[in-house]
Structure formats: structure tokens, C-alpha cells
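Q: This is the structure I want to talk about, given as C-alpha cells.
No lab work stands behind these numbers, since they all come straight from the coordinates. Just so it is clear, the model here is predicted, and its values are computed rather than measured. Note that we place each Cβ from the backbone using ideal geometry, even for glycine, and neighbour counts take in every protein chain shown.
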Amino acid sequence: MKGCQVQSVMIGESATRSAVNCLTQQGFLSVPKTKYVILPGFCDVHVHLREPGFSYKETVRSGTAAAARGGYTTVFSMPNLNPVPDSPQTLEPQLELIRRDALVEVLPYGSITKGEAGLELSDMEGLAPLVCGFSDDGRGVQKDDVMRDAMRRARALGKPIVAHCEVNELLRGGYIHDGDYARAHGHRGICSESEYLQIERDLRLVREIGCAYHVCHISTKESVELIRRAKAEGLDVTCETGPHYLILSDRDLREEGRFKMNPPLRGEADRLALLEGIADGTVDMIATDHAPHGAEEKSKGLEKSPFGIVGLETAFPLLYTELVEKGVLSLERLMELMVFHPRKRFGLSVRENDYTVFEVSREYEIDPAEFLSMGRSTPFEGRRVLGTCVLTVCNGRIVYQKRK
């Protein structure tokens, strides 16, 4: 192999042989002094595919193409769509698009409430056989009684509640973190309490009801501590955070829409607390919260741009470069966070014929113009990273292959 190095990490022997054969046939292993890692296909439990309803932002086809290029073989589709999947009938248009256009495995969520309005429960019984869990992502369920009833029903159905935690009355028109940058530049801030107080409320209900509960995109140090204590109590609780919350803080903000997401980039103490939560097992998984928007929408600065950034095609390179290469995490630990823990939490087995290959010996600059996603908005534009995906195989089928 002329000086190439191929490392297989947490993947079966037959998949390794298959990957090496494919790399050989395509001529990748003829390039000397190149290092490849063969990894299990990643699993992202928090992705916005935008279709049906918002196909000018993303489609099932473009979103899953981006997933494949990012090394993902399974993604979970969030329910803030049109129509909102609050019954089998309103879920069916999404299922038809998935059957027709998806390049990787797509598992949809059903909404917790009708229309994600937070007032009346969705048809959870009808949805349960068709969805991976229940979420009103993009909106926190404000009413205690509604969330209590949702948890009771989810427990009976054997499905998790997947919660976007946000207290609306504490938002006060904010759009970035209520921290040093907001105060220095005259922006309205989103306080940390708006996130962790709803987590605190939900954990009280979990103690009462006993359902499986998963917290989306945690961003504050208080959220980490609440979940740490809940796990110590033995509650059935898991959580995720995003690559951007582990790598950036509000001191990295710029006056551009590509730095605007919800939850916002928090303070440096929050970032360090999330890394500590990764280290001690409080944070179970890393999810991208891939949320594409049109270029014009995201061109309106911090205040007026919509919340959301893309992340499927940059997650592994960023995490490998910033965490693995710098000795914060082992590659094996990163695979637990990106593959094994997400699949275990949602009852999915690990398929040996799902794998991805990254070339990790050459540095390059993140260029959104190269994305397969229709979304281009990322705070990591121009950042230099290691990790170029050269091959992704889903269920034994090549779904992405880099041109030699």
C-alpha cells in the first residue's frame, strides 16, 4: 500500500475487508503517507431535513446526501415540518419522501402536541409504531399538565420523550446568549435559566412518571449538573450536545447570521462544563442539530437571521481535530458518542455493513461551497481541520464516494 496507514476502529472484520477492497479498487491506497480510519457509520439523533414544507431550505435527498458525505448512515428527522407529523396521516407525506429519496436510514419523530402548539397531545398511539420518539423540537412544552400527560402516554407506548427545553416567558426577545458579547455589543440575550429551568421541571415529572426522557442540545453548565444528579438518582435520562457547543463560546461570536443558533453559543464556563460532562459520562451523545436555511435568510445578522446552522458535513472533522488530535478524547470514545450510545438509547442495533472511511492525514479548510446540503451557514467556515470522508456505506450500499 506504498506507505499508507489504514486503521480500523470499533468495526467488524468483514466490514474492514470490504472497506479496504473498495479503497484499493478506487486507487486511494496508492497515495503514500496517507492515513485512513475505518469507522462505524455515525448516528445523528437530531437533524432537520425540512421536507415536507420547507424544501427551499433542504430536502430529504440533499440532507441525506450531506449526511452520507459526513459519515452518517442513520439520522433522526425532527418534526417541525408542514404538515407537523402529529398523526399517522400527517406523518405519511414525510414517510413517502423518505422511501423515495433517502440515501441513508431516516427515522422520524412524531410531535408531542398537535401542530407543536403545546396545547393538546398528538395521536401518540397511532404514531408510536412509525416513529423513534416524540418531540416538539423548536418549542418547549410550556404547560406542566401537557408534559405530564405526554410522559404517561410515552411510557405506556415504550417511546422516549425528546425535549427541546425552553421557558418562553424568559426569552424576552433574546437571540444570543445573555453574556459578555451581548452586553458589549448591545444585543438582547437569552438567559441560561430559560433552558435549565425547563429541564428541572421535566426531571421532576420524570421522577413522578418514570418515562424515558432525552434532552436535546444542552448548552449550559446548570443543565449538565441537573442531568448528572438525575442520573445519580437512577432516572432514565439521557442528553445530547452539539459540536459547536463543545468548540465555541460567545467569545467567538461575530455579527453574522452563521453564528446564530438555538440554544445560543454560551459562555466559556458552559463550554468547559459540557466537556466535563462528556468526560464523566453525563453527556451521552453528540448530535449536530443540522438546521439549514436559505442564504438570504441567514444574511441578516445576529438579530434578524433565523436560528440554525448546518453540521452534518463538518461534525466529524471538527471533533476529530479539536478533541481527538488534541488528546481530549480517544477516537474510540468519540465513536461511543457518535454511534454506539445514540443507537443504544433508541433501541437500534449496530449494523456491521454500515461504515465510513475518513482520510485524516491532510489538513484542509472548511468551504461551505462544497457542501451537499442546501444549507451553507456554519460558524466554522474557513476553519482548518483534519478528516475528509472518502467512502460511506449504508446497509452494504455505497451512498457516498469521494472522487479520486
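Q: Nearest 10 degrees is fine. How inclined is helix 144-157 to the longest principal axis of the chain, computing both from alpha carbons?
A: 50 degrees
Q: Using per-residue counts of other Cβ atoms within 10 Å, averaged over each peptide, order 70-82, 349-361 from highest down.
A: Those peptides, ordered most packed to least, come out 70-82, 349-361.
Q: May I ask you to derive the relative contact order of the chain, considering only C-alpha pairs under 8 Å and at least 6 residues apart, and to give it as an integer percent?
A: Working: 927 pairs, mean separation 77.9, N = 404.
About 19 percent, as a whole number.
Q: Determine, from the Cβ-Cβ distance of Lys300 and Glu193 and an R0 of 25 Å, the FRET efficiency 1/(1 + (r/R0)^6), rounded to the nearest 0.05.
A: Working: r = 27 Å, r/R0 = 1.08.
For R0 = 25 Å, the calculated efficiency reads 0.40.
Q: Still on this structure: I'm spelling it out carefully: the read-out is Rg/Rh (Cα atoms, Kirkwood Rh), the candidates are (i) 0.93; (ii) 1.08; (iii) 0.95, and one was derived from this structure. Which label?
A: (iii)
Q: From the phi angles alone, apply the Karplus equation (6.51, -1.76, 1.60; θ = phi - 60°) to region 303-312 and give each ³J(HN,Hα) in whole Hz, x where the residue is Gly or Pro.
A: Karplus-based 3J(HN,Hα) across region 303-312 equals 6, 9, 6, x, 5, x, 10, 8, x, 4 Hz.
Q: Follow-up. What FRET efficiency comes out for the pair Glu363/Arg17, r = Cβ-Cβ distance, R0 = 41 Å, nearest 0.05?
A: Efficiency for this residue pair is about 0.90.
Q: If each of Lys33 and Tyr56 carries a label point 7 Å out from its Cα toward its Cβ, how far apart are those two points in nm?
A: 4.9 nm
Q: Next question, about the same structure. Please give the net charge around Pro306, taking every other residue with its beta carbon less than 10 angstrom from that of Pro306, where Lys and Arg add +1 and Asp and Glu add -1. Spell out each step's value before the answer.
A: On the way: positive: Lys57, Lys260, Lys298, Lys300, Lys304; negative: Glu297.
Here the count lands on +4.
Q: If we count every other residue with Cβ under 10 angstrom of His48's Cβ, Lys/Arg +1 and Asp/Glu -1, where does the sum land? Spell out each step's value before the answer.
A: Values: positive: Arg50, Lys57; negative: Glu51, Glu58, Asp137, Asp289.
Here the count lands on -2.
Q: By how many nm would the segment from Asp145 to Ala232 lengthen if fully extended, with 0.36 nm per residue of separation less the alpha-carbon distance?
A: Value of the extension gain: 28.7 nm.
Q: So, one more: I want the local charge near His214. Using Cβ-Cβ distances under 10 Å, sum +1 for each Lys or Arg and -1 for each Asp or Glu among the other residues. Before the final figure, lay out the partial values.
A: Values: positive: Arg345; negative: Asp236, Glu240, Asp284.
Summing Lys/Arg as +1 and Asp/Glu as -1 gives -2.
Q: Rounded to the nearest 10 degrees, what's the angle between the helix 88-101 long axis and the longest principal axis of the chain, both from Cα atoms, 0 to 90?
A: The angle comes out near 10 degrees.
Q: Follow-up question, since we're still on this one. Show me the GluC sites (Glu not before Pro) within region 78-181 that DSSP assigns to loop and that have at most 16 other Cβ atoms within 10 Å of their Cβ.
A: Working: sites: Glu96, Glu105, Glu116, Glu120, Glu125, Glu166, Glu169; in loops: Glu120, Glu166.
Loop-located and lightly packed - Glu120.
Q: So, in Å, what gap is there between the alpha-carbon centers of region 360-383 and region 109-187?
A: Taking the Cα centre of region 109-187 as reference, the centre of region 360-383 is 31 Å away.
Q: To continue, here is another question. Can you give the angle from 0 to 90° between the axis of helix 60-69 and the longest principal axis of the chain, with both taken from C-alpha atoms, to the nearest 10?
A: Taking Cα atoms only, the helix is inclined about 50 degrees.
Q: May I ask you to derive the relative contact order of region 267-404, considering only C-alpha pairs under 8 Å and at least 6 residues apart, and to give it as an integer percent?
A: Once divided by the residue count of region 267-404, the mean separation gives 25 percent.
Q: Checking a compactness column here: for region 52-146, what do you get for Rg(Cα) / (2.2 N^0.38 Å), N being the number of residues?
A: Ratio of Cα Rg to 2.2 N^0.38 Å: 1.08.
Q: With a/c under 1.5 counting as rounded, go ahead and sort region 97-182 into rounded, prolate or oblate using the C-alpha gyration tensor (a ≥ b ≥ c being the square roots of the eigenvalues; past the cut-off, prolate if a/b is larger than b/c, else oblate).
A: Here region 97-182 falls in the oblate category.
Q: Could I ask something else about it? May I ask you to order 151-158, 269-276 by the average number of other C-beta atoms within 10 Å around their residues, highest value first? Each step should come with its number before you reach the end.
A: Numbers: 151-158: 17.6, 269-276: 19.8.
Those peptides, ordered most packed to least, come out 269-276, 151-158.
Q: Over region 260-344, what relative contact order in percent results from Cα pairs under 8 Å that are six or more residues apart?
A: Dividing the mean separation by the residue count of region 260-344 yields 33 percent.
Q: With labels modelled as points extended 7 Å from the Cα through the Cβ direction, what inter-label distance (nm, one decimal) is found for Leu171 paired with Glu255?
A: Here the modelled spin labels are 2.5 nm apart.
Q: Pop a pseudo-label 7 angstrom from the Cα along the beta-carbon direction at both Ser330 and Arg397 and give the gap in nm to one decimal.
A: 3.5 nm
Q: Here's another thing I want to ask about it. Go ahead and estimate [θ] at 222 nm for the chain from helices alone: -39,500 (n - 2.57) per DSSP H run with n ≥ 4, summed, over the residue count, rounded to 500.
A: After summing the helix terms and dividing by residue count, I get -9000 deg cm²/dmol.
Q: Please say if region 356-403 is rounded, prolate or oblate, where rounded means a/c under 1.5 for a ≥ b ≥ c the square roots of the C-alpha gyration tensor eigenvalues, and otherwise the choice is prolate for a/b larger than b/c and oblate otherwise?
A: Judged from the Cα gyration tensor, region 356-403 comes out oblate (a/c at least 1.5, b/c at or above a/b).
Q: Using the C-alpha gyration tensor of region 154-307, what are the square roots of 5 times its eigenvalues, in whole angstrom, with the largest one first?
A: 28, 16, 14
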